[in-house]
Each structure stands twice: as structure tokens, then as C-alpha cells.
1. Of everything in region 220-271, what is away from the ligand (no atom under 16 Å from the Cβ) and aromatic (Phe, Trp, Tyr)? Give them in sequence order.
2. Among the residues of region 421-446, count how many are at pLDDT below 95 and small (Gly, Ala, Ser).
3. In region 422-452, what count of residues is obtained for those that are part of a helix (DSSP H, G or I) and either more than 23 Å from the chain's Cα centre (by Cα) or closer than 23 Å to ALA319 by Cα (or both)?
4. How many residues are more than 12 Å from the ligand (Cβ to nearest atom) and of a type outside the set (Ser, Thr, Tyr) if we restrict to region 88-131?
5. If I ask for residues that are farther than 18 Å from LEU234 by Cα, within 16 Å of the ligand (Cβ to nearest atom) and assigned to a strand (DSSP E or B), which ones from region 272-323 would you list?
6. Just name the residue that is surrounded by the most Cβ atoms within 10 Å (Cβ to Cβ) out of those in region 86-111 that are more than 18 Å from VAL240 (Cα to Cα) and touching a Leu at 6+ places or on another chain (Cβ under 9 Å).
7. Being assigned to a loop (DSSP other than H, G, I, E, B), over 12 Å from THR177 (Cα atoms) and without any contact (Cβ under 8 Å) to a residue 60 or more places away in the chain: is that true of GLY102 here?
Amino acid sequence: MSRSTLSRSSSSNSSSGGNGSGSTTDDVKVDRSGLGTVGYAPVKPQKNAPPAPPPTPLGKELESQIRARGPVSVHEYVKQCLLHPTHGYYARKGAVHNFGTGGDFVTAPELSQLFGELIGVWFVSEWQRLGKPAQIRIVEVGPGRGTLCADILRATATWPPFREALTDVHLVEPSLTLRVEQRRTLNAQPSATSTTKPADPAEVTWVVEGHNGRDARVSWHSSLEDVPTGTPTLFIGQEVLDAFPPYQFVKTDEGWREKLVDLNDDGGFRFVLAPQPTPASRALVVEGTISDEDTVEVAPGALALSRAIAERIAQDRGAALLVDYGFDGISPGDTLRGFRRHKQVHPLEEPGLVDLTVDADFGACATHAAGVEGASVYGSTTQGEWLQRMGIVARLEALLALEDITERQVDQLIGACEQLVDPAQMGARYRVLSVVDGGGEDEGAPAGFAAGDRVAGPPV
Ligand code: SAH
């Protein structure tokens, strides 16, 4: 079955190596007149600048920042491109159209309900392993349109005791635009007990329908730190690790140098190397996974999230799944890339209008989480293998056997299942990492993982 939609997992070009539109700028020079800085070397090879871009509102802001203060780190550039409160890719008005066939990329939950249903099954199986606690909490980090969370809630509704125990759902979502969409997708309603009607939606208590009249409260947060602790928790982060901005470092004859974003002659942007070590290169190169290409890419936010989830699980009990495209072992080097309308574009093109993403470093995330006492880490394993172990084929067959299913739905379900599992599509590029409570060797692996998938903590 052929599909016109692509996931964002492909990385055929490196960000410094090309932009798919053949631009080369071997004679690029920097206008330093406004900078007062010297010595920023263009990144080699110098095919690193996109064609002169139409200025975007965020591009103009970045340009004045660079004119005033000099080149910005890749980390700062990506952070602003994704989450600038007005112009960021996820935060801007209309960010909801980023997703799906009409948008820039498609994700597993947007492809098929099968994905969310199996995560729901995993949540119930982990709740059972925990001894069916009377209160359980769900936390999703980076919920996008809210489709995955809605599928999880729908799937778990068939286990009434689980839904009775589900007291609250927390969505960690910095984008205010996407929060509105998530509320709509979940069909969250103001709680019957909110007697007043606050003007600010943030002050409303939102609920989703539960079992036996026990609604589950839904709240939104900008960061995991704001989510309350004290209750066993099931975490899911699907395609969020790749959205944490990376620092990039390149090995030179003088040592590791941080990659920065500078202005180009024509008003666009280009990559340069810092002439001296920076605080980031001093602190972070050891955190990264070195590649054959002498590039180190580190996304501290992804490492911190993995560790924070493990700490919460060790403290409150619970389980987590982190799913994304990425690698476990040797890094492919520079993985920063841009996506627009299902095409890979140069990451410095049209700031704020292009999705920027990196491969998740699962090995580093696993090691960070495994360093937490009282947490056990499994994986990463491939998405294809995990979904098959979770019974995706049986679930597909059950859906195909439904009486009122149309031929079109049959095609869609089979096509999506293939896309999720097939190693040549999303099955091998996407990986799944799990964190569960308990540090014992003999406690058994969580569903979908084998005992041999357990990651040893760092040597003490
Ligand atoms: N999980 C969804 C969406 C993936 S896109 C899906 O698979 O369809 C990435 C999501 O992470 C978006 O909702 C984006 O706004 C959110 N996000 C980006 N940076 C984040 C951060 N630092 N913390 C939490 N969420 C973040």
C-alpha cells in the first residue's frame, strides 16, 4: 500500500551537509560589522546555508538578537524556533495543523488507533503489576493533538476497575495553542463541582468522564516539575524526546568547539563554530555519544526528562514509556533536520515555520534513568518488536473481524499496522524505552520487554 505521508524519522541529509534544494555557499562570508566579534569559523563543509529565505517574524527577532549579541547556540536557535511563545513552531496559532497528512509530519497515534490502544493495554498491565493501587495517575509529556491520550482513555474504559482508580490525567504541554486542541480532542468538560465560571480556562477544573461517575481530572502544565507527586503514575512521552533542543559540538584541531548560528550575507542564517571553548562545550561534551563523524549532539532536556521520570517512579511507584525515532549506541552525528509539508528542509530555513527535530539518544536517556536508585530501565527495543510483543496483530485481527467494517477501513488498518511495525518503515527507526519502579533483578520485565532488555545502572 503506498502512502503519501512520511514520518519525521528519515535523516538522509545532515544539517550542515545539504538542504535537499541543492544550495551551496562555498564563498559565504559573515558581515561582522555589527558584531564586533572575530574568529567564528564557518562550519565545514560550507554547504550549510539555506537559500535566501523570505523573512519570518521569528527570523527577524533572531536576526536582531544576533546583531546585538553575536551568534546564538544551536540550542537557543532550536528552542526559539519550536517554543517561542508567539512564533514558535508548536506555540504559534495554527500549530494544530502541523500534524497529519495535511500538515508537516505524521506520528504513530495519528496514523492508527492501534498504537494508543496498545499503550492503554500496557498501562493496565502495569497497574496490575503495581498491585492495582486504588489511585493511579496518567502523565503524558508532549501530547500534540491529544489523540494518543484520547485513545488510551478509550481503550482503558474497557477495564472499569482501572478507570475507577484513575484519579487524574496531567498533560505536560508548553504550547497554549495545542492545549486548547487537546482539551477538545479529550472532550474535557468543566467539572460539575466548579460552580463559578472563571474567565481564564486555566482556572477551570476540567474532567473526562470516568467509570461509575468517578470523573478523572485533567490538568495542563508547562513542565514535568509542576505535576504533583505522591500517587503511583503511568507516564507516556511519544515523539517528545526529539523535540528537546540539542547542543552540537564539532571536533577541531584545537579541541571541541560548539556549533552556533550566525547571520549570512543575504539576511539568512548559517552555522559557525565558536572560536573558543564555551561553557556548554566544557560541560556537555562528556554527556554526549560520540559519532564517527566527530560530532557530539546533546539534548540536555531529553536526558533530564528521562531522569526526572525515573526519580518520580522511584519515589511514587509507577511505569513509563518513551517512544521516538533515534539510536541506541553509536550516534549518527549531526541529526538536526527540518520538516515542512512532509519534505525534509534545511534546519535554518524559515525559522518558526519548520519543524526542527533530532534523533533521540536512547542509550544516553537509558543511562541517565538507570542511575536513579529504585528505578529499573528496560530497552530500548524497536517499536516493531515492542508492538508485536504487545499483540498488535491480534488486535488488528479483532478489529478486522468487526461486522460493520468497510473495505476502506480494512485497507487503512492493515496499511497503518504495516507502517508501524515494518522495519523498513517505522518499525526499526522508532524505539521504545521503559522505566519501572523497583531495582530488583528478579522482578520481571514490563510487558513488551524481555528480561535481557534491562539496562545496568552506571558503575558505582
Ligand atoms: N505525542 C504527539 C505529538 C508529538 S509532537 C504525537 O505523537 O502525535 C511534540 C509534542 O511535544 C508537541 O505537543 C509539542 O508542543 C510538545 N513539546 C515540545 N517541547 C516540549 C517540552 N520541552 N516539554 C513538553 N512538551 C514539549
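The values are calculated or read from the model by the stated rules, or taken from the named source; none is laboratory data. For clarity, every value in this text was computed on a predicted model and none was experimentally measured. With ideal geometry, Cβ positions are generated from the backbone for all residues, glycine too; neighbour counts draw on all protein chains shown.
1. PHE249, TRP256, PHE269, PHE271
2. Restricting attention to region 421-446, the residues satisfying the condition of being at pLDDT below 95 are 438-445.
Checking which are small (Gly, Ala, Ser) leaves us with 438-440, 444-445.
Adding up the residues that qualify gives 5.
3. Keep residues of region 422-452 that are part of a helix (DSSP H, G or I), which gives 423-427, 451-452.
Keeping just the survivors that are either more than 23 Å from the chain's Cα centre (by Cα) or closer than 23 Å to ALA319 by Cα (or both) gives 427, 451-452.
Total meeting the criteria: 3.
4. Keep residues of region 88-131 that are more than 12 Å from the ligand (Cβ to nearest atom), which gives 93-94, 97, 101-102, 113-114, 117-118, 120-131.
Remaining after also requiring of a type outside the set (Ser, Thr, Tyr): 93-94, 97, 102, 113-114, 117-118, 120-124, 126-131.
Adding up the residues that qualify gives 19.
5. VAL298
6. Taking region 86-111 and keeping what is more than 18 Å from VAL240 (Cα to Cα), we get 86-87, 93-94, 101-102.
In the following step, the residues that additionally are touching a Leu at 6+ places or on another chain (Cβ under 9 Å) were identified as 86-87.
Working: THR86: 11, HIS87: 21.
It comes out as HIS87.
7. On the way: assigned to a loop (DSSP other than H, G, I, E, B): yes; over 12 Å from THR177 (Cα atoms): yes; without any contact (Cβ under 8 Å) to a residue 60 or more places away in the chain: yes.
Taking the combined requirement at face value, the residue satisfies it.
A quick yes/no check of all residues on (1) among the β-branched types (Val, Ile, Thr); (2) touching an Asp or Glu at 6+ places or on another chain (Cβ under 9 Å); (3) more than 29 Å from LEU399 (Cα to Cα):
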{"residue": "LYS132", "(1), (2), (3)": "no, no, no"}
{"residue": "GLU140", "(1), (2), (3)": "no, yes, no"}
{"residue": "GLY146", "(1), (2), (3)": "no, yes, no"}
{"residue": "CYS149", "(1), (2), (3)": "no, yes, no"}
{"residue": "THR177", "(1), (2), (3)": "yes, no, yes"}
{"residue": "HIS211", "(1), (2), (3)": "no, yes, no"}
